[in-house]
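Only one structure is covered here, and it is reproduced in the block below.
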Amino acid sequence: MAVRAFASHNWGKNGDTHRRVAKVVHMLRTRGVDVWFDETNMKGNILSAMCAGMDSSQVILVFVTKAYMEKV
């Protein structure tokens, strides 16, 4: 059974952080980690989708940036 992870991040200016996180997510997926990522898993109600993603994950990856800290 693959490890399920949830990737949490702020998109950053012009999506720059999102693109960097997408590279990490891709690398993890190629190594067998099932990563919930907004770009591919966000469907329907945003809050419900995110909660379901977190609830079904064993690991929460938080990509902390200054913008992320200001948001939360």
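Please treat every number below as a calculation from the coordinates, not as lab data. Model, not experiment: these values are computed from the prediction. With ideal geometry, Cβ positions are generated from the backbone for all residues, glycine too; neighbour counts draw on all protein chains shown.
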Seminar exercise, completed: In segment 10-61, residues that are surrounded by 14 or more Cβ atoms within 10 Å (Cβ to Cβ), of a type in the set (Gly, Ala, Ser) and without any contact (Cβ under 8 Å) to a residue 40 or more places away in the chain total 3
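Please find, among 52, 2, 67, the residue that is at negative phi and within 13 Å of the chain's Cα centre (by Cα). If you could, list the steps in order and put the result at the bottom.
On the way: 2 fails: within 13 Å of the chain's Cα centre (by Cα); 67 fails: within 13 Å of the chain's Cα centre (by Cα).
Within the list 52, 2, 67, the selection yields 52.
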